[in-house]
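A.B. asks: Sending over a structure as structure tokens; questions will come in a sec.
The values are calculated or read from the model by the stated rules, or taken from the named source; none is laboratory data. Quick caveat, the model's predicted, so the values are computed rather than measured. Ideal geometry is used to build each Cβ from the backbone, glycine not excepted, and the neighbour counts take in all protein chains shown.
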């Protein structure tokens, strides 16, 4: 039976990432020391959508992405949402003006009430 990984990150097979030798451990520790933590990185990614962030901060974020794929994915998701929200006013008139039939509304309300009771 395979051993379970207690951390949320997938196991890495690369000895460099594992830090199995002294030099690679020092490099990983250096990157961790100069880059923002995940909480700070997510805040900086959000701020970067509103206004430009300094070059050094952008470089530190890029270095953070070397050790954290989750923050990089989060940044990509933020960009997609930002573009979608920006483009929405241009396309909102294309949305159908038809209303939902009354019977469908009633069935949805009943289903929601039944779910809330459970």
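A.B. asks: Note down all Cβ pairs under 7 Å where the first residue falls in segment 38-54 and is free of Cβ contacts under 8 Å to residues at least 60 places away in the same chain, the second is surrounded by fewer than 13 Cβ atoms within 10 Å (Cβ to Cβ), and they're at least six residues apart or on different chains.
C.D. replies: Correct list of pairs: 53/47.
A.B. asks: How many residues does segment 53-62 hold that are closer than 18 Å to residue 29 by Cα and either surrounded by 15 or more Cβ atoms within 10 Å (Cβ to Cβ) or at pLDDT 95 or above (or both)?
C.D. replies: 2
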